[in-house]
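**Q** Pasting in a structure now, in structure tokens, and then I'll have a few things to ask.
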Amino acid sequence: MSGKKAHILAITNQKGGVGKTTTAVNLAAGLASLAQRVLLVDLDPQGNATMGSGVDKRDCSQTVYQVLLRQAECGVVRRPAGQGGYDLLPANRELAGAEVELVAEPAREHRLREALGTVHQDYDYILIDCPPALNLLTVNALAAAHAVLIPMQCEYYALEGLSDLVNTVRKVKASLNPGIEIEGLLRAMFDPRNTLAQQVSEQLKRHFGDKVYDTVIPRNVRVAEAPSHGLPVLNYDHHSKGARSYMDLAREIVERRARLHTEA
Ligand code: ADP
Ligand code: MG
């Protein structure tokens, strides 16, 4: 795929705790294990994707924050993730200030797009882990992305939140980024024994059809344990159900993309 531009995916959902960061880290590792060149951008001041990638956020003197403020080059700030086989653009608490500091700046919605434009030729995939809000950071992610990956839990209010998100994507499409698409909806932390989860899952498929990934991520304790070791679950316990499901997701995404290329 060398010479081609990276496929940029924003992993987003304004709800917290739905599996965005878990998906970002484990999909990055999954794609890397399929010999894809991957950059993971941590765009959440909590820095969970950074820590989960085995990089201590407190040791990062330069992060995505300086990149957004044009104080540092993306190519300089990125670094290899601990063991996942991908590159990381780290974040820490400093990023919380970016929202305010960017307000009066020119092209404030396009700072991430501008920065990724300088490194996209080095990657097949760039994944952006978004904060749990529809704020300026998320708008930067949506302005930079080719497509949106939405992890969600199949619970009663999930569909309601989804329509807000779909509306935001529509607005971004009309103003900042006409090319943006919804890449897929991921059922994360899924419990097949839960009847409500099954019903919401059916509703999702009715509304969004083949935008819903075939791969389902089950609730799995190894997935939850891995970040405390600074490892993707693939590296922590690659036989676990969680690791296998994230590998399936990586394969599904790569295959879909290959199919789109042959059809085009
Ligand atoms: P978000 O980034 O959307 O806020 P996280 O990815 O941080 O969500 O996930 C929220 C919590 O749920 C974390 O503690 C994470 O370890 C846990 N978690 C995520 N996915 C799974 C899973 N498949 N099985 C078990 N725990 C999970
Ligand atoms: Mg998160």
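Laboratory data are not the source of any read-out in this text; all were calculated from the coordinates shown. A quick note: this is a predicted structure, and the numbers were derived from the prediction, not measured. Cβ placement follows ideal geometry from the backbone for every residue including glycine, while neighbour counts extend to all protein chains displayed.
**Q** Calculated from DSSP H runs of 4 or more alone, at -39500 (n - 2.57) each and per residue, what is the 222 nm mean residue ellipticity of the chain, nearest 500?
**A** -12000 deg cm²/dmol
**Q** Once both labels are modelled 7 Å past Cα along the beta-carbon direction, what's the Asp56-Gln199 spacing in nm?
**A** It works out to 4.9 nm between the two label points.
**Q** Next question. Rounding to the nearest 20 debye, state how big the charge dipole of the chain is about its Cα centre with +1 on each Lys and Arg Cβ and -1 on each Asp and Glu Cβ.
**A** The dipole magnitude comes to about 340 debye.
**Q** Could you grab the relative contact order for segment 108-264? Cα pairs under 8 Å, six or more apart, rounded to a whole percent.
**A** 17
**Q** Right, next: Return the FRET efficiency for the residue pair Gln121, Val221: r is the Cβ-Cβ distance, R0 is 51 Å, and the value is rounded to the nearest 0.05.
**A** 0.85
**Q** For segment 191-264, what's the relative contact order in percent, using C-alpha pairs closer than 8 Å and at least 6 residues apart?
**A** 24
**Q** Same structure again: Tell me whether the chain comes out rounded, prolate or oblate; compute the Cα gyration tensor, take square roots of the eigenvalues as a ≥ b ≥ c, and use a/c under 1.5 as the rounded threshold.
**A** Here the chain falls in the rounded category.
**Q** Another one. Kindly provide the trypsin sites (Lys or Arg not before Pro) of segment 113-200 that DSSP labels as loop, not H, G, I, E or B, and whose Cβ sees at most 12 other Cβ atoms within 10 Å.
**A** Those satisfying the criteria are Arg193.
**Q** If you don't mind, another one. In the neighborhood of Val254, defined by Cβ-to-Cβ distances under 13 Å, what is the net charge if each Lys or Arg adds +1 and each Asp or Glu adds -1?
**A** Here the count lands on 0.
**Q** Give the shape of segment 156-234 as rounded, prolate or oblate, defined through the alpha-carbon gyration tensor: a ≥ b ≥ c are the square roots of its eigenvalues, a/c under 1.5 means rounded, and otherwise the shape is prolate if a/b is larger than b/c and oblate if not.
**A** oblate
**Q** Short version: ³J(HN,Hα) in whole Hz for each residue of segment 112-119, in order, from phi by Karplus 6.51 cos²θ - 1.76 cosθ + 1.60 (θ = phi - 60°), x for Gly and Pro, what are they?
**A** Listing the rounded values in order: 6, 4, 4, 5, 5, x, 8, 10 Hz.
**Q** Also, I was wondering about something else. Can you tell me the mean projection area, over all orientations, of the convex hull of segment 127-183's alpha carbons? Units nm², please.
**A** Mean projected area for segment 127-183: 3.8 nm², to one decimal.
**Q** Could I ask something else about it? Is segment 48-157 best put as rounded, prolate or oblate by its Cα gyration tensor, with a ≥ b ≥ c the root eigenvalues, rounded for a/c under 1.5, and otherwise prolate when a/b is larger than b/c, oblate when not?
**A** Because its axes are fairly even, with a/c under 1.5, segment 48-157 counts as rounded.
**Q** Show the residues, 5+ positions off or on another chain, whose built amide H is closer than 5 Å to the amide H of Leu88.
**A** Here Leu40, Arg79, Ala81 satisfy the definition.
**Q** While we're looking at this one, here's another question. Given H placed 1.01 Å from N in the peptide plane, which residues other than close sequence neighbours of His7 have an amide H under 5 Å from its amide H?
**A** Counting only residues 5 or more places away or on other chains, the set is Tyr125, Ile126.
**Q** Using Cα-Cα distances under 8 Å and only pairs 6 or more residues apart, what relative contact order does the chain have, in percent?
**A** It rounds to 26 percent for the chain.
**Q** Under 10 Å, Cα contacts only: if you run a Gaussian network model on the chain, which one of Ile150, Ile11, Ile180 comes out with the highest mean-square fluctuation?
**A** In this elastic network of the chain, the residue with the biggest mean-square fluctuation among Ile150, Ile11, Ile180 is Ile180.
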